[in-house]
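Chemist: Dropping the structure in here first, questions after.
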Amino acid sequence: MLTRFCLIFAVLGALEAQQVVAPTPAQVGSPRGEDVGNFNVTQSFETGYRFRLVGGNLGEYRSDVNYGNGLRLLGSSLSVDSKDGHGHFFDQILLNTEGLGNDPYQSAVLRIQKNGLYRYDMTWRLNDYFNPGLTVAGGTHLADTSRRLQDHELTLLPLSPIRFRLGYSRDTENGPALSTAQEFDPNGAGLPVFTNVRRQWNEYRLGADVDFAGFKFTVLHRWDFFKDDSPFTLSAPVASGATNDLTVLQQFQRSQPLHGRSPGWLGNLFTKRPRWGVNARMTYVGARNDFALNESASGIGQFGNAATRQITVGGSAARPAVAGDLSLSLYPTERLTVVNNTSVSSNRIDGQSTLSELNTGLDLGTTIRFRYLGIRTLTNSTDVNYRVRDWIGFYAGYHYADRLVRTEEVPSFTDLSVNAVYNVTNILNSAIVGVRLRPFRPFTINLEGEIGRTNQPLTPIAERNYHSLGGRADYRVKKLQLSASYHEIYDVNPSFSVFSSHSRNYSANASWAPAAWFSLDASYTKMHLDSQSLLAFFAGVTRPTLQAGFGSLYLSNIHGVNLGTRFAIGRRADLYLGYSITKDTGDGRATASPAGVTDPIATLIDSVQTFPLGYQSPLARLSVKIAPKIRWNAGWQFYNYDERFQLFAAYQNFHAHTGFTSVLWSF
């Protein structure tokens, strides 16, 4: 499913350049606002109705778009400013909202401040999350939850050399979901069970900022608390449905509370002088998690016999983490800059955990003990930037990273003092060089290359012997902006198994505004990725055997195009037209598996080498000025998701017409 994630990121990148169909980015009322007593007020509100008409896979639509029918406050903006900067309780109020009422993505941002006394910032968001489950899960893994996030920050004496900060953040997730349990048969299918998701995270912050003798010092103490109390239950007996498998899960209950706390400190020191600068930062988090799991299941085993299973897990883990950064900047001349950065981080997991299992009256006595995992990383980089002339400059850098992974296990259950210690060290050396050119004032060019070598990569797909090349060109004048870029990365890792990857990214952008009534924006992006590695797995028709003669090949070619144009129709109307399309053309094959392949293992591997599909979204929006303080708006947006190859006999294609009509007004 890697291609789908790449496609989603490409779609998000394309849509970032495309205007959204709602809310409407238009001005109503006077841009200077109106005076109300000792304050100046600027405000606008857009109230409207959204509609949708969906065909195809509704679950995939809800996962990707999720807009529904109904009234809502599409957007609002309010600014209240003191005219003389001496309001009684406040000098400024800023409030912006989006999607309140019925949208799946809602937000509100508020700021209240009084000059020299306090500043309060609040952010609130609501995201309705729907995941219909991967195709391979057959609908047994899905979630329909809501996440509510809020952040509060109060700064006292914001304009003084000593400032105090108090903060609070909260993140909750609630809603129904389906998961699976694999009971009585270790090789059987996962059976669906219901879960009521209940997750919560709270953070409290207290800190101060101090300015003294040209230095800025920050210290912050925070307390984080996390808990997950999601229970798992079985609503009705469920059978595996597999041939020659009589497994039936009749009763199931699982409780796995996880409670954690993470107190931490942050400190930062910064200064910038004419010839040098320093930025030092250090953080410490002393996390500790307590966890327990109690699972009980009863039913019928795979051969028709009565079966029960009881699992208990418990433990406590400390997760201290320390990180520090020191950046030194030198400016010997106006044309030369030298920056050296050193970073150190240490992440540890230290604690005991146990697992015991009882199957159909047989005490397996399974006990697993874990003691310690530590990862220490040290990095250092030096970058030099030298501008030879106003039109040409060079930069170069050397980067070094040393990572140590250490684990301790307890192989003996009778003597807990015996440890099995394993150490792995991973060292990376890389160098970068580049040049910046400005042949003439509106035109700039940047070219760079990097090469890196690692002695012991920790995973087969990690970077080992790699190099990258890149370049960017920009042409900017008042009415026209053009840019193009290219970036390539090639990596070969023959450590555990032969692995190689190659990616190439191209992009081009254009923006043209020849007149006040017309503008045009266009962009094109291509992302190419191919990777190849050897595979080792167990499979077979009669009995599983080790398969080592197959390779994994993945290839993706994602193209993204975005167009947008705006027309002013007279003095009363604005029309915006946009079109965004993203396609993965794969390797050009017509079918998922090449013709003539009879080996079932080779057929399966060939069918997941590439996933050609497409996503497109045209839109149109009309905004008409009814009065100086009122505009009527209407918009339409079409979504179309198309998979060319199906996976396990399931297409997730959909098409949807969405639109809105609204009134944008101020008073």
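The values are calculated or read from the model by the stated rules, or taken from the named source; none is laboratory data. Model, not experiment: these values are computed from the prediction. A quick note on method: Cβ atoms are made from the backbone with ideal geometry, for glycine too, and the neighbour counts reach across all protein chains shown.
Chemist: Give region 446-466 a look and list any residue that's among the aliphatic types (A, V, I, L, M), surrounded by 15 or more Cβ atoms within 10 Å (Cβ to Cβ) and at pLDDT 95 or above, or say none.
Modeler: Leu447
Chemist: For region 72-88, which residues satisfy the criterion of being among the small types (Gly, Ala, Ser) and part of a strand (DSSP E or B)? Outline the logic, then answer.
Modeler: Pass one, region 72-88, residues among the small types (Gly, Ala, Ser): 75-77, 79, 82, 85, 87.
Scanning region 72-88 gives Gly75, Ser76, Ser77, Ser79, Ser82.
Chemist: Which of the strands (runs of 3 or more DSSP E) contained wholly in region 206-322 include at least 3 residues that are of a type in the set (S, T, N, Q) and more than 25 Å from Gly374 (Cβ to Cβ)?
Modeler: Working: elements: 215-228, 248-255, 258-272, 276-300.
Passing ranges, in order: 248-255, 276-300.
Chemist: When you go through (1) at pLDDT 95 or above; (2) out of contact with any strand residue (DSSP E or B) (no Cβ under 6 Å at 6 or more places or on another chain); (3) not basic (Lys, Arg) one by one for His88, which number turns out not to apply?
Modeler: The single condition His88 does not satisfy is (1).
Chemist: While we're here: Output the residue which, of all residues in region 174-205 that are among the small types (Gly, Ala, Ser) and in a strand (DSSP E or B), is modelled with the lowest pLDDT.
Modeler: Quick first cut of region 174-205, residues among the small types (Gly, Ala, Ser) only: 175, 177, 179, 181, 188-190.
Applying the additional criterion that residues be in a strand (DSSP E or B) yields 175, 177, 179, 181.
Values: Gly175: 95, Ala177: 92, Ser179: 88, Ala181: 85.
Checked region 174-205; the qualifying residue modelled with the lowest pLDDT is Ala181.
Chemist: Which residue is nearest to the chain's Cα centre (by Cα), if the candidates are limited to region 228-245 and must be surrounded by fewer than 16 Cβ atoms within 10 Å (Cβ to Cβ) and either under 30 Å from Asp290 (Cβ atoms) or not small (Gly, Ala, Ser) (or both)? Steps first, answer last, please.
Modeler: First, the residues of region 228-245 that are surrounded by fewer than 16 Cβ atoms within 10 Å (Cβ to Cβ): 229, 231, 233, 235-237, 239, 241-244.
Within this subset, residues satisfying the condition of being either under 30 Å from Asp290 (Cβ atoms) or not small (Gly, Ala, Ser) (or both) are 229, 231, 233, 235, 237, 243-244.
Working: Asp229: 24, Pro231: 27, Thr233: 30, Ser235: 34, Pro237: 37, Thr243: 41, Asn244: 43 Å.
That would be Asp229.
Chemist: Please go through (1) within 24 Å of the chain's Cα centre (by Cα); (2) without any contact (Cβ under 8 Å) to a residue 40 or more places away in the chain for Asn131 and return the number of the only condition it doesn't satisfy.
Modeler: With respect to (1) within 24 Å of the chain's Cα centre (by Cα); (2) without any contact (Cβ under 8 Å) to a residue 40 or more places away in the chain, Asn131 is out only on (2).
Chemist: So, one more: Could you tell me which numbered condition Val193 fails, if it satisfies all but one of (1) more than 26 Å from Ala177 (Cα to Cα); (2) of a type in the set (A, V, I, L, M, F, W, C); (3) crowded, with 16+ Cβ neighbours inside 10 Å?
Modeler: Val193 satisfies every listed condition except (1).
Chemist: Confirm whether Arg148 is in contact (Cβ under 8 Å) with a residue 24 or more places away in the chain and surrounded by fewer than 17 Cβ atoms within 10 Å (Cβ to Cβ). Steps first, answer last, please.
Modeler: Working: in contact (Cβ under 8 Å) with a residue 24 or more places away in the chain: yes; surrounded by fewer than 17 Cβ atoms within 10 Å (Cβ to Cβ): yes.
Criteria met by Arg148.
Chemist: Among the residues of region 598-607, are any over 30 Å from the mean Cα position of the chain (by Cα), among the hydrophobic types (A, V, I, L, M, F, W, C) and part of a strand (DSSP E or B)?
Modeler: no
Chemist: Right, Val405: within 31 Å of the chain's Cα centre (by Cα), loosely packed, with under 14 Cβ neighbours inside 10 Å, modelled with pLDDT under 95 and part of a strand (DSSP E or B) or not? I'd like the intermediate steps shown before the answer.
Modeler: On the way: within 31 Å of the chain's Cα centre (by Cα): yes; loosely packed, with under 14 Cβ neighbours inside 10 Å: no; modelled with pLDDT under 95: yes; part of a strand (DSSP E or B): yes.
Considered against the rule, which asks whether it is within 31 Å of the chain's Cα centre (by Cα), loosely packed, with under 14 Cβ neighbours inside 10 Å, modelled with pLDDT under 95 and part of a strand (DSSP E or B), Val405 comes out as no.
Chemist: For region 620-662, give me the residue count where each residue is under 34 Å from the mean Cα position of the chain (by Cα), under 22 Å from Arg571 (Cβ atoms) and of a type in the set (A, V, I, L, M, F, W, C).
Modeler: Selection size over region 620-662: 3.
Chemist: Ok, one more. Which one of the conditions (1) outside any strand (DSSP E or B); (2) of a type outside the set (Phe, Trp, Tyr); (3) surrounded by 15 or more Cβ atoms within 10 Å (Cβ to Cβ) does Gly116 fail to meet, given that it meets all the rest?
Modeler: So Gly116 meets the others, but not (3).
Chemist: Given (1) outside any loop (DSSP other than H, G, I, E, B); (2) farther than 30 Å from Asn633 by Cβ; (3) within 31 Å of the chain's Cα centre (by Cα), identify the lone condition not met by Thr565.
Modeler: Checking Thr565 against (1) outside any loop (DSSP other than H, G, I, E, B); (2) farther than 30 Å from Asn633 by Cβ; (3) within 31 Å of the chain's Cα centre (by Cα), the one that fails is (2).
Chemist: For region 317-337, name all the residues that are surrounded by 15 or more Cβ atoms within 10 Å (Cβ to Cβ) and within 33 Å of the chain's Cα centre (by Cα). Break it down into steps so the answer makes sense when it comes.
Modeler: Step one: list which residues in region 317-337 are surrounded by 15 or more Cβ atoms within 10 Å (Cβ to Cβ), which gives 317, 319-329, 331, 337.
Answer for region 317-337, where residues must be surrounded by 15 or more Cβ atoms within 10 Å (Cβ to Cβ) and within 33 Å of the chain's Cα centre (by Cα): Ala317, Arg319, Pro320, Ala321, Val322, Ala323, Gly324, Asp325, Leu326, Ser327, Leu328, Ser329.
Condition check ((1) under 27 Å from the mean Cα position of the chain (by Cα); (2) among the charged types (D, E, K, R); (3) surrounded by 15 or more Cβ atoms within 10 Å (Cβ to Cβ)) across all residues:
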| site | (1), (2), (3) |
| --- | --- |
| Gln251 | no, no, no |
| Pro257 | yes, no, yes |
| Gly260 | yes, no, yes |
| Thr283 | yes, no, yes |
| Gly286 | yes, no, no |
| Asn294 | no, no, no |
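Chemist: Moving on to the next point. Of the conditions (1) touching a Gly at 6+ places or on another chain (Cβ under 9 Å); (2) in a strand (DSSP E or B); (3) small (Gly, Ala, Ser), Gly55 satisfies every one except a single condition; which number is it?
Modeler: (1) is the only condition that Gly55 fails.
Chemist: Can you tell me which residue is surrounded by the most Cβ atoms within 10 Å (Cβ to Cβ) among those in region 574-597 that are part of a strand (DSSP E or B) and among the hydrophobic types (A, V, I, L, M, F, W, C)?
Modeler: Restricting attention to region 574-597, the residues satisfying the condition of being part of a strand (DSSP E or B) are 574-584.
Narrowing further to those that are among the hydrophobic types (A, V, I, L, M, F, W, C): 575, 577, 581.
On the way: Leu575: 14, Leu577: 15, Ile581: 17.
Ranking the qualifying residues of region 574-597, first place goes to Ile581.
Chemist: Gly85: under 22 Å from Thr661 (Cα atoms) and loosely packed, with under 14 Cβ neighbours inside 10 Å, yes or no?
Modeler: Numbers: under 22 Å from Thr661 (Cα atoms): no; loosely packed, with under 14 Cβ neighbours inside 10 Å: yes.
No; evaluated as a whole, the condition is false for this residue.
Chemist: Among the residues of region 124-171 satisfying the criterion of being assigned to a strand (DSSP E or B) and among the β-branched types (Val, Ile, Thr), which is modelled with the lowest pLDDT?
Modeler: Filtering region 124-171 for residues assigned to a strand (DSSP E or B) gives 124-131, 142-156, 162-171.
After this cut, where a residue has to be among the β-branched types (Val, Ile, Thr) as well, the list is 145, 155, 162.
Numbers: Thr145: 94, Thr155: 97, Ile162: 97.
The extreme case among them is Thr145.
Chemist: Within region 617-656, how many residues turn out to be in contact with a Lys or Arg (Cβ under 8 Å, 6 or more places away or on another chain) and either closer than 30 Å to Ser531 by Cα or small (Gly, Ala, Ser) (or both)?
Modeler: 4
Chemist: Identify, please: which residue in region 586-612 is touching a Ser or Thr at 6+ places or on another chain (Cβ under 7 Å) and of a type in the set (Gly, Ala, Ser) and is, among those, farthest from His559 (Cα to Cα)?
Modeler: Here the answer is Ser593.
Chemist: Out of all the residues in region 94-107, which are assigned to a strand (DSSP E or B) and crowded, with 18+ Cβ neighbours inside 10 Å?
Modeler: Looking only at region 94-107, we keep the residues that are assigned to a strand (DSSP E or B), and these are 94-100, 105-107.
Within region 94-107, Thr97, Glu98, Gly99, Gln106 qualify.
Chemist: Separate question: Quick check on this structure: which one of Ala522, Ala508, Ala484 is under 24 Å from Leu575 (Cα atoms) and aliphatic (A, V, I, L, M)? Spell out how you get there, then give the answer.
Modeler: Values: Ala508 fails: under 24 Å from Leu575 (Cα atoms); Ala484 fails: under 24 Å from Leu575 (Cα atoms).
Result: Ala522 is the single residue among Ala522, Ala508, Ala484 that is under 24 Å from Leu575 (Cα atoms) and aliphatic (A, V, I, L, M).
Chemist: Regarding region 62-71, can at least one residue be identified that is hydrophobic (A, V, I, L, M, F, W, C), part of a strand (DSSP E or B) and surrounded by 17 or more Cβ atoms within 10 Å (Cβ to Cβ)? Lay out the reasoning, then the answer.
Modeler: Step one: list which residues in region 62-71 are hydrophobic (A, V, I, L, M, F, W, C), which gives 65, 71.
Filter once more, so that each one left must be part of a strand (DSSP E or B): 71.
Subsequent filtering for residues that are surrounded by 17 or more Cβ atoms within 10 Å (Cβ to Cβ) retains none.
No, region 62-71 has no match at all.
Chemist: Another question about this same structure. Run down Phe184, Phe217 and say which single residue is farther than 22 Å from Ala236 by Cα and either surrounded by fewer than 15 Cβ atoms within 10 Å (Cβ to Cβ) or touching a residue at least 40 places away in the same chain (Cβ under 8 Å) (or both).
Modeler: On the way: Phe184 fails: farther than 22 Å from Ala236 by Cα.
The unique qualifying residue is Phe217.
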